[in-house]
Amino acid sequence: QANIQCGEFAELILLSTVRRLSQLDRACQDILVPQKWVGSSVALVADAGVIIEREAWAEAMREEEEEGHLSQGPHNASIFIFDWGRSELCTEEEWEALTEAEQQDRTWFWTSYTRGVHNLFSTACYLYWSHFCISEWETLRIAVYDYDAFNDDDLLGRVEIKLPKEPPASATFEEFELVDLRNQPILGVDRKRSVVKVRYWFIEYPSPSRFRGAWRVQVRNARHLTVADIHGSFFQERFDADPYARVTMVESAESAEIVGLSAGKRRSYVARTEVSANCLDPLWESTFEFPVVKQNGNQSDAGLEAMHKVLTSPFAPGAMPSTKEEGEENSKMPDAGKLKQKKSKVSAMFEKDCQSLKVSLEDFRETLEKVQEEWVEVKPLA
């Protein structure tokens with residue numbers, strides 16, 4: 001308990017990534033003249049080998065409370081922009097001297113790049129909201145697939161497990177029979193039913209933490225899987241598969257109601273094991289954590305409050321996810337006469353976003369809902 005848990009570490013990494021993408025998104029908005037960035041990429045990196053002591057994290061959380069914004073760390077993630085070889089930078093004076101065709105050319109490239117950065121930032125916000133702002137998980141789904149490098153992965157079987165209301169503090173491994181899309185049992189090459197061995201239990205996180213605890217799921221192995229691949233010649237054929245397990249947690253209706261999702265729409269957290277090549281009885285020994293956030297009455301939770309600090313803090317200013325229709329403003333090519341007007345508008349937006357804790361959590365939640373248009377529809381296996 002001296003160090004933070006795996007689920008807490010993953011949350012720190014993603015929260016830090018959101019903050020840095022927020023800064024990059026804001027920096028792109030502050031550039032008044034379209035640039036011609038060709039082939040430039042954004043890299044997200046994180047230190048997966050570091051161990052963070054809980055006391056160090058506790059000190060960072062105390063700084064948050066005192067200063068009213070997200071502290072510096074320990075957050076071990078960063079972003080880099082690279083591959084500038086074919087890019088052409090342009091000042092305001094150079095922009096005014098360009099022909100209309102050249103301005104349109106640069107506007108097209110700049111619009112494409114800034115939309116990509118903004119989509120990346122919005123996706124990170126959505127991932128944080130759907131992974132680390134859940135007050136209750138309800139359903140555990142495990143699906144075994146055959147990996148295919150050139151076509152869609154084939155489903156080898158799945159199982160759905162209803163989590164108990166009283167979470168167990170420990171558990172033993174259980175074998176669950178896999179079924180197909182019609183809920184029918186699946187038989188392997190040895191005519192035995194395909195099974196997957198899993199155990200799941202709830203662990204409490206010590207204070208201080210944004211989370212009450214987490215569901216820990218361990219997927220050990222699968223047996224008697226069906227054949228998905230055929231290798232070799234006509235005389236020496238080999239039948240096997242390249243299986244991996246996809247582990248999905250789906251939130252409860254009560255948790256979805258807290259954030260205002262309509263009936264039948266839930267958030268989910270998806271993880272997966274490694275691929276076991278050429279095997280019908282894979283051994284994975286993979287463990288995953290699905291955190292459960294602390295609740296603050298009937299209001300928002302600790303996860304949303306942390307995200308709110310990221311996007312409204314003067315320490316880490318960032319643009320809120322845009323609610324404008326796609327192409328409403330970016331499709332308009334700025335001209336020299338509008339540059340000063342746009343500059344003052346950007347400054348006003350920047351000052352508004354930097355007013356710490358001025359955006360209510362309810363408005364922030366509504367903004368996040370618009371980040372992702374397609375939600376996970378919760379349907380029974382039948």
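The values are calculated or read from the model by the stated rules, or taken from the named source; none is laboratory data. Please read these numbers as outputs of a predicted model, since none were measured by experiment. No Cβ is skipped: glycine too gets one built from the backbone with ideal geometry, and neighbour counts run over all protein chains shown. Accessible surface is based on the protein model in full, side chains and every heavy atom, while ligands, DNA and RNA are left aside. Shrake-Rupley method; radii C 1.70, N 1.55, O 1.52, S 1.80 Å.
Taking amide H atoms as placed 1.01 Å from N in the peptide plane, the amide H of residue 199 lies under 5 Å from those of 174, 218, 220, each 5 or more residues away in sequence or on another chain.
I need the calculated FRET efficiency for the pair residue 174 and residue 41, taking r as the beta carbon distance and R₀ as 51 Å, to the nearest 0.05.
Working: r = 44 Å, r/R0 = 0.87.
Taking R0 as 51 Å, the efficiency between residue 174 and residue 41 is 0.70.
Which percent of the accessible heavy-atom area of region 100-224 goes to carbon and sulfur, probe 1.4 angstrom?
48
Distance between the C-alpha centres of region 85-103 and region 188-202: 61 Å, rounded to the whole angstrom. Hey, rough spin-label estimate for residue 274 and residue 78, points 7 angstrom out along Cα→Cβ, what's it come to in nanometres? Once both label points are built, they end up 2.8 nm from each other. Would you mind checking 162/192; 165/192; 162/197 for any pair whose Cα atoms are more than 23 angstrom apart? Flagged as over cut-off: 162/192; 165/192.
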